[in-house]
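Engineer: The structure's right below; bear with me while I get my questions together.
The values are calculated or read from the model by the stated rules, or taken from the named source; none is laboratory data. Because the structure is a prediction, the values reported are computed rather than measured. Note that we place each Cβ from the backbone using ideal geometry, even for glycine, and neighbour counts take in every protein chain shown.
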Amino acid sequence: MYENHIKTEEELIEEWNTMPFSKNFMFCKVMENEPLCRHALEILLGIKIDHLEYPEQERYFKDSAQSHGIRLDVFTEGDGRNFDLEMQTADTGDLLKRARYYSSCIDVSFLKPGMLYSELKKNYIIFLCLEDPFKKELPLYTYRTKCVDDETEKLFYNIARWETFENEDLKNFFKFIMTNIPCDEFTRNLNDQVMIARQNAEYRRQYMTMEMYGTERFREGQKQGAQQKAIEAAIMLVHDYNATPEVAAQKMNAPLELVLEGLK
């Protein structure tokens, strides 16, 4: 956040050079790697995925000019299924309804005129939460329709409790997210990809541009002392620099609910 300290360019460079996998920007870049993304999904869901389309970072869904658009961290399709993978770094208090809306937006974008409802794919909405999202001290929260399977599954992993997972692959994956310590082949591959991403000049330019833009707009907002300026700057970050509403609101010190309202 910028409320107590505005980062210098030197600090931003250092932040980029040490950016971990758990940082939303880095997570999205690394998960563009199809084999790594596919293996992560197989570990998280306990299924085999034979084919996966090229993972898209920050995929934008909006079914009409009047509706509230969404921007998914990592979206991909494979074997007749849709997968949305989200890195959740803060407790926003609205994850269940967000997951519900995300799934509905995916369905609306897929079902074209003339298609049957039965042609809808199965949706997996997966949140990797750095904090316990529902404060029940469970390692995993799974939500499905009870009476009839509507082929929508929402999973919320409380990865802060990585030590409690019995599955070694999950434990190692979540340990890497929380500690940046690779301990098996998969997490070593993830770590290698993080190192490669840090050397990517275009990735660095994108990140620095987004951060510097946020800094300048925050300074302007500070001078004017107007909450509305912070909200407008956050909305601009979402539209122009592919930031998530949560990240944009945090960076601009703007109320998340007002940012979301402005994005409708």
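Engineer: If you check residue 160 against the conditions, is it more than 24 Å from residue 34 (Cα to Cα), surrounded by fewer than 18 Cβ atoms within 10 Å (Cβ to Cβ) and of a type outside the set (Asp, Glu)?
Structural biologist: Taking the combined requirement at face value, the residue satisfies it.
Engineer: Could you give every pair whose Cβ atoms fall below 6 Å, whose first residue belongs to region 155-183 and is of a type in the set (Phe, Trp, Tyr), and whose second residue is surrounded by fewer than 19 Cβ atoms within 10 Å (Cβ to Cβ) and assigned to a strand (DSSP E or B), counting only separations of at least 6 or pairs across chains?
Structural biologist: 156/141; 157/140
Engineer: Looking at region 133-154, which of the residues that are at pLDDT 95 or above and touching a helix residue (DSSP H, G or I) at 6+ places or on another chain (Cβ under 7 Å) is surrounded by the fewest Cβ atoms within 10 Å (Cβ to Cβ)?
Structural biologist: Applying the filter and picking the extreme gives 139.
Engineer: Scanning for something under 20 Å from the mean Cα position of the chain (by Cα) and under 19 Å from residue 43 (Cα atoms), does region 193-202 turn up at least one residue?
Structural biologist: yes
Engineer: Taking region 70-87, which residues are touching an Asp or Glu at 6+ places or on another chain (Cβ under 8 Å) and buried (at least 18 other Cβ atoms within 10 Å of the Cβ)? Lay out the reasoning, then the answer.
Structural biologist: To start, the set of residues in region 70-87 that are touching an Asp or Glu at 6+ places or on another chain (Cβ under 8 Å) comprises 71-79, 83-87.
Scanning region 70-87 gives 71, 72, 73, 74, 75, 76, 78, 83, 84, 85, 86, 87.
Engineer: If you check 120, 128, which single one turns out to be under 22 Å from residue 80 (Cα atoms) and in contact with a helix residue (DSSP H, G or I) (Cβ under 6 Å, 6 or more places away or on another chain)?
Structural biologist: Details: 128 fails: under 22 Å from residue 80 (Cα atoms).
Checking each option against the conditions leaves just 120.
Engineer: Please specify each residue of region 121-139 satisfying the condition of being out of contact with any Phe, Trp or Tyr (no Cβ under 7 Å at 6 or more places or on another chain) and of a type in the set (D, E, K, R).
Structural biologist: 122, 131, 132, 135, 136, 137
Engineer: Out of 186, 134, 156, which single residue is in a loop (DSSP other than H, G, I, E, B) and among the hydrophobic types (A, V, I, L, M, F, W, C)?
Structural biologist: Working: 186 fails: in a loop (DSSP other than H, G, I, E, B); 156 fails: in a loop (DSSP other than H, G, I, E, B).
134 is the lone residue from the list that is in a loop (DSSP other than H, G, I, E, B) and among the hydrophobic types (A, V, I, L, M, F, W, C).
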